[in-house]
Structure formats: structure tokens, C-alpha cells
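Q: Submitted below is the structure of interest, expressed as C-alpha cells.
The values are calculated or read from the model by the stated rules, or taken from the named source; none is laboratory data. Note that the structure is predicted; figures quoted are calculated from it, not measured. Positions of Cβ are generated from backbone atoms using ideal geometry, with glycine treated the same way; all protein chains shown enter the neighbour counts.
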Amino acid sequence: MTKTHDDIDSPLLERCREKGLKMTGQRRVIAYVLSEADDHPDVEELYRRAIVIDPKISVATVYRTVRIFEERGILQRRNFGTGRARYEATDHGQHYHLIDVESGKVEEFHDKELDALLQKIAERMGYDLVTTRLEIYGRTGKARA
């Protein structure tokens, strides 16, 4: 059984509603695809995934929707040193990214010690920490050998 636009629901869709966005069927599909992503897709990849659900979605619609979601603070744009924009939901919670410079693989991680260290650094410099954005680039041990 295939999903209809009305069957689609996701945490990201709820955030869109909270931000007052009119959620067309195609926007619902794009929000769903983003919610289901366990990676950081670019617009072309979002489009490939969205047309599986709704073949009528155009790549232009995906670009427009991503721009609107980003402007409303629903998505964050990431680069990861590739030169192409990739996206993740802003409700993902505090986390960091480790990027393999050989494969481009992106791993998300949480680290309470790092959180505390960044907080301490901000305080020492006279700031209240609002948010952080950390990308670490490296090679796996196997790649160095």
C-alpha cells in the first residue's frame, strides 16, 4: 500500500505546523523524507527519495521547500567540506559531526565532556553559550596505515 499525502506525518511536519507553514501535499512528502533521513541529504538526494512517494514532485519544488524550511529555522544547512549543501533538522538536539575526509562519511555524536568544555570556554571568555556547531575532519585508523 502506498502512502497518500494525508497519511504522512512526522516530527518535522509538526515543527512546520508550529512555524505556521501551509503544508501542501508535496511539502508533507519532503518533510517526511527529511524526518526519515539518517544521513544529511543534499537537495538532489531529497528529490530522489521524494519522487518514490510522489512522482509529481519537481526538483524545483524540493529546492523551494528546503529554502523555506531553512528560512523558518526548521532545517540547517551543512557543508562538510564537500562544496555542496546538505541538510538536517534543527530539532536534532545538540550534537557534533565527525567527517571522514577519505569517504565523506559523516558520523554524528554526543559528548557530555565536550559540552562541558565548550560551556567552560564560553564562560571564561565572558559569554553565555547559546549554541555550538562543531565539525571534526579526520581519517579512520585503517586509512592512515
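Q: So which of K56, K3, K22 is modelled with pLDDT under 85, more than 27 Å from L129 (Cα to Cα) and assigned to a loop (DSSP other than H, G, I, E, B)? If you could, list the steps in order and put the result at the bottom.
A: Values: K56 fails: modelled with pLDDT under 85; K22 fails: modelled with pLDDT under 85.
Every option except K3 fails the conditions.
Q: Now a separate question. Please give the number of the condition T140 fails out of (1) farther than 29 Å from L12 by Cα; (2) in contact with a helix residue (DSSP H, G or I) (Cβ under 9 Å, 6 or more places away or on another chain).
A: (2)
Q: Which residues, counting only those in segment 94-131, are in a loop (DSSP other than H, G, I, E, B), touching a Phe, Trp or Tyr at 6+ places or on another chain (Cβ under 8 Å) and under 17 Å from R78 (Cα atoms)? So that I can check it myself, show each step before the final result.
A: Residues of segment 94-131 that are in a loop (DSSP other than H, G, I, E, B), as a first pass: 94-95, 101-105, 110-111, 125-131.
Cutting the leftovers down to touching a Phe, Trp or Tyr at 6+ places or on another chain (Cβ under 8 Å) gives us 95, 101, 104, 110-111.
Residues satisfying the conditions are H95, V101, G104.
Q: Take R86 and tell me if it is under 21 Å from G138 (Cα atoms), surrounded by 12 or more Cβ atoms within 10 Å (Cβ to Cβ) and without any contact (Cβ under 8 Å) to a residue 60 or more places away in the chain.
A: Details: under 21 Å from G138 (Cα atoms): yes; surrounded by 12 or more Cβ atoms within 10 Å (Cβ to Cβ): yes; without any contact (Cβ under 8 Å) to a residue 60 or more places away in the chain: yes.
Spelling it out, R86 is indeed under 21 Å from G138 (Cα atoms), surrounded by 12 or more Cβ atoms within 10 Å (Cβ to Cβ) and without any contact (Cβ under 8 Å) to a residue 60 or more places away in the chain.
Q: Identify, by number, the condition in (1) surrounded by 15 or more Cβ atoms within 10 Å (Cβ to Cβ); (2) closer than 28 Å to L98 by Cα that D38 doesn't meet.
A: (1)
Q: Out of all the residues in segment 72-83, which are over 14 Å from P41 (Cα atoms) and either at pLDDT 90 or above or surrounded by 15 or more Cβ atoms within 10 Å (Cβ to Cβ) (or both)?
A: R72, I74
Q: While we're looking at this one, here's another question. Given the conditions (1) closer than 22 Å to G138 by Cβ; (2) outside any loop (DSSP other than H, G, I, E, B); (3) modelled with pLDDT of 85 or more, which single one is not true for E44?
A: Looking at each condition in turn, E44 falls short on (1).
Q: Would you mind telling me which numbered condition in (1) under 20 Å from E108 (Cβ atoms); (2) at pLDDT 85 or above; (3) among the charged types (D, E, K, R) D39 fails?
A: (2)
Q: Next question. Quick check: anything in segment 132-142 over 28 Å from L75 (Cβ atoms), at pLDDT below 90 and among the hydroxyl-bearing types (S, T, Y)? If you could, list the steps in order and put the result at the bottom.
A: Applying the first criterion (over 28 Å from L75 (Cβ atoms)) to segment 132-142 yields 139-142.
Cutting the leftovers down to at pLDDT below 90 gives us 140-142.
Those left that are additionally among the hydroxyl-bearing types (S, T, Y): 140.
Yes - at least one qualifying residue is present in segment 132-142.
Q: Right, next: Just name the residue that is surrounded by the most Cβ atoms within 10 Å (Cβ to Cβ) out of those in segment 51-69 that are of a type outside the set (F, W, Y) and without any contact (Cβ under 8 Å) to a residue 24 or more places away in the chain.
A: Taking segment 51-69 and keeping what is of a type outside the set (F, W, Y), we get 51-62, 64-68.
Then keep just the ones that are without any contact (Cβ under 8 Å) to a residue 24 or more places away in the chain; that gives 51-52, 55, 58-60, 64, 67.
On the way: I51: 16, V52: 11, P55: 7, S58: 12, V59: 14, A60: 10, R64: 14, R67: 13.
Of everything passing the filter in segment 51-69, I51 is surrounded by the most Cβ atoms within 10 Å (Cβ to Cβ).
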